[in-house]
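This report concerns only the one structure given below.
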Amino acid sequence: MDLLSLFPEWVLVHGPAAIVVLPLMVGALIALSPSEKLSWATTWFVTGLSGLMSLGLLLQVISHGPIAYAMGGWKPPLGIAYSVDGLNAPILLLISVIAFVCTVYALPSVIAEVEPEKRSPFYAAFLLSFAGLMGMVVTADAFNVCVFLEVSSISTYALVAMGSSRDRRALPSSFNYLIMGSIGATFFVIGIGFLYMQTGTLNMMDMARVLQDIGPGDRVVQLAFAFIVIGLGLKLAMFPLHTWLPTAYAYAPSFFTAFLAATATKAALYLLLRFTFTVFDPSWHFISNALMVIIAGLGILGMLAASLQAIFQSDIRRVLAFSSVAQVGYILLGIGMATTLGLTAGYLHILNHAIMKGALFLAVGAFWYRFGITKVSDMRGLGTTMPWTMAGFTVAGLSLIGVPGTVGFVSKLALAQAAAENGWWWAIGVIVLSSVLAIVYVGRMIEQAYFQPVPKINDKYIKRNEAPLTMLIPLWTLALASVAFGIDSHWPTSLAQGAAQVLGDGPILLVRETMPAIPAIPSTGGH
Amino acid sequence: MKRARKRARANKMGRSENQHIILRVVAKLLIPLIAVYGLYVHFHGDYGPGGGFQAGVIFASSIILYALIFGLDEAKRVVPPSWIRVIMTLGGLVFGGTGVATWLLGGEYLNYTMFAPDSTHAAGQHWGIFAVEIGVLLTVTSVILAIFYAFGSRGGSRRPNNAPNLSDEDKS
Amino acid sequence: MTMVFEHFNFAVVIVLMMTGLFAVFASHNMIKKLVGLSVFQTSVFLLYISISKVTGGRPPVLSKKELHGYGGYDKAGDGADAAYKTVSETAEIIYSNPLPHVLILTAIVVGVATLAIGLALVVRTREEYGSIEEDEIDAYNYQDNLEGASR
């Protein structure tokens, strides 16, 4: 409570807009910046400020309930509304904190990987991508979601392609991502179009209200749901639609890979939750079927197939990327149960996976930074040559496996409990099997690092060459967070329970104010 | 070798100048008209169809036409690429700044009513949209030009030196 | 058959959508893929524009008759005010829905941006690989993978 009083009143009122507008405007501005240090410092400052504002909003939501913001003073459902509630406030905080932590890391990493004249635009594009993700999560207007989805996607394509100064394979992978991402976004837009056709509104809550009147029998609504699930499925790398992800993660600049892996799919997952549970009604037969068969089913397929694929990759980044697809599978399994426990577990895994996967990719970036290592077989002796980085990698890797005392264990346990409560005993078997596969692919890397001899150059062992502090601090922040929240998981679990409660309440019914025949000019001066 | 290429280029230039004289004269007449039409579409956007997006594209097309006829280098002399980056940012800032101004005046983001809260006929909306549309015009114009310059100033086909030779065996 | 003609716009939307998607999936040339993507996106523009049509609706633009005070800048606000009154008094005028047009203007801009980025990637790919055929690029990548090339 005390913490909340530290935030100025203005932030709590205008925060929902400010967290999007600030990075957007500053992003435009620093494209001009002559000095990359200045761009970096500004980016760092802006992401930090957004993080603080998100924290303020989260505390406000916890203590005083949802916040609504009417863009431009136009009252919903006419205007674009931004809203922060228990479901999206933690995601906002997650995205901005990860961005803040990763930006610290960007300073050495971007210098090593991006050409000098592209560095300021790099930070500008990063801020745009960040703003897009925040906007996607904070907005309560269905079409606004599409716009921010594209803002973040388009800047992401450019950022992935910037990895081409390190490895030219970044270009075709970015192109592949562009094609798949655009198809996904367009499917989503089509779905929104069908919804608009039936409901005549774009405000999500109003949409939910009209959809309740229309009911589940309407074919257009069913079609809209299908388009939205497939569109978002492409964006969140649902198992058979994940083909863009491994290459995009592997060849993007390492700082951005860490940010992307930790946040991009999470924002899309949030949208899936938001649409399935609060816009549509999960009790409708076609939605409950889709949740059980498609979302949970594909989640399970992804957990197994992507984990298997991860085992056979030779590139570290591809191993982790396939593991990301598998982890999305866990989250989808939790969502697919559609019970309070299942949703809590899925949501918890969204937060936890972001922390551990962020740490892992940061460590991989550091390996490349010092030794140019991208292959699992080149990790020999890293435990000796880069002890701190490798230790951070190991902590996060153990968390990925789900060793007790780490966040991975907390969310897997929650997921198993939810499955047991639901009577899905086979799902527990799948979780255990997938974790065993995770032991194989993570263990393979850890084994290389600690139990293989340090390679020799000219008959001399390679000297210890630790990553710089600017890389170690963000890495260890996330690695320690994954242990801290693993030991005391009270806070993230309570956030996840809050989110599950919002989802469990189902469509929020908003009583529509009586509207004039045409949208009246919202004037303070009456006629 | 170098001189020969230069001569060939000069020849080509000379020929094109002769051939395209009608094009050049017509363009000189048309370009200002297109630009003015762009501005018309922009300012008419207050009352009818139009606005910053369309106007920006029309305005940019006048410069693109200039570049197509007189060459990219000439166009870059008229509108230097360094300006474009500045204008692009400026447009974004005008748009965003309008919102920040409404914040400073105590309203929601982009709540234009704050510009003239006492107006009986929503003059604030008018001013707000005017400012925002200027921002849109600047950004759209400069972005379209930036895209055109970026593609136009790329060299012809270059095969990379290090591209491996691709024989049929490799493909299989 | 009559159903197709009754919903002619939607029939065209479906044809365009499938054509676009087919072009994206079936072609290996990067430019052709982008063309397919653009056709696909165009179908969505058409879908939205079709939604906005209201039977018997007029273009959502106030005509001069309704705008008494049309003219100078200061008066313009009065004009909108008058128009508001006029329209609310004569509520029987049906306008087409302008909102989807605005939405799709945004989507068009997004499409342009996507296309620009896509073409830029094609240009860069050609510079790096000397090819824009995806199977050739895959072959180069396969070599890169074998050599572990990371520059």
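Bear in mind these aren't lab numbers, they're just calculated from the coordinates by the rules spelled out. Bear in mind that the values here come from a model prediction, so they are computed numbers and not experimental data. Glycine also receives a Cβ, built like all others from the backbone with ideal geometry; neighbour counts cover every protein chain displayed.
Here segment A:371-402 is scanned for amide nitrogen atoms under 11 Å from the site 7 Å beyond the Cα of A:Asp459 along Cα-to-Cβ, giving none. How high is the relative contact order of chain A? Use alpha-carbon pairs under 8 Å, at least six apart in sequence, and give a whole percent. For chain A, the relative contact order is 15 percent. Distance between the pseudo-spin-label points of A:Asn422 and C:Ile108 (7 Å out from Cα toward the beta carbon): 4.5 nm.
Projecting label points 7 angstrom from Cα along Cα→Cβ for C:Asn97 and C:Asp138 puts them 4.2 nm apart. For helix A:387-401, report the angle its Cα long axis makes with the longest principal axis of the Cα atoms of chain A; keep it between 0 and 90° and round to the nearest 10°. Roughly 50 degrees, rounded to the nearest 10.
Once the Cα-Cα distance is subtracted from the 0.36 nm per residue extended length, the B:Leu105 to B:Tyr47 segment shows a gain of 18.2 nm.
Taken as Cα centroids, segment A:305-327 and segment A:400-479 sit 12 Å apart, rounded to the nearest whole angstrom.
Spin-label pair A:Lys118-A:Gln212: with each label point 7 Å from Cα along the Cα-Cβ axis, the two points sit 5.1 nm from one another.
Sorting A:Trp426, B:Trp127 from the fewest to the most surrounding beta carbons within 10 angstrom yields A:Trp426, B:Trp127. Normalised by the number of residues in segment A:297-504, the mean separation of alpha-carbon contacts (under 8 Å, six or more apart) gives a relative contact order of 30 percent. Among A:Phe256, A:Phe148, A:Phe322, the order by Cβ neighbours within 10 angstrom, fewest to most, reads A:Phe148, A:Phe322, A:Phe256. Across segment A:204-213, coupling constants 3J(HN,Hα) worked out from phi with the 6.51/-1.76/1.60 Karplus curve, θ = phi - 60°, read 4, 5, 5, 4, 4, 5, 5, 5, 4, 5 Hz, and Gly and Pro carry x. Checking the cross-link pairs B:Lys76/C:Lys32; A:Lys235/C:Lys33; B:Lys28/B:Lys76; A:Lys375/A:Lys460 against a 24 Å limit on the alpha carbon distance flags B:Lys76/C:Lys32 as lying beyond it. Helix A:297-311: angle to the longest alpha-carbon principal axis of chain A, degrees 0 to 90, nearest 10? Taking Cα atoms only, the helix is inclined about 20 degrees. Cα extents for segment B:10-154 along the principal axes, largest to smallest and rounded to whole angstrom: 67, 29, 17.
From least to most packed, judged by other beta carbons within 10 angstrom and beginning with the fewest, A:Leu398, B:Leu105 follow the order B:Leu105, A:Leu398. Using the Karplus relation 6.51 cos²θ - 1.76 cosθ + 1.60 with θ = phi - 60°, the per-residue 3J(HN,Hα) values for segment A:323-329 come to 4, 4, 4, 5, 5, 4, x Hz, with x marking Gly and Pro. Measuring r between the beta carbons of A:Leu301 and C:Phe25 and using R0 = 22 Å, the FRET efficiency lands at 0.55. The phi-based Karplus calculation (6.51 cos²θ - 1.76 cosθ + 1.60; θ = phi - 60°) puts the 3J(HN,Hα) values of segment B:41-58 at 4, 5, 6, 6, x, 5, 10, x, x, x, x, x, 4, 5, 4, x, 5, 5 Hz, whole numbers, x for Gly and Pro. Between A:Ser283 and A:Leu4, full extension at 0.36 nm per residue minus the direct alpha carbon distance yields a gain of 96.8 nm.
If R0 is 41 Å, the Cβ-Cβ spacing of A:Ser35 and C:Arg58 corresponds to a FRET efficiency of close to 0.15.
FRET efficiency for the A:Ile487 to A:Ile62 pair, using the beta carbon distance and R₀ = 25 Å, is estimated at 0.70. Per residue of the protein assembly as shown, the DSSP helices (runs of n ≥ 4 H) give a summed -39500 (n - 2.57) that works out to -24500 deg cm²/dmol at 222 nm.
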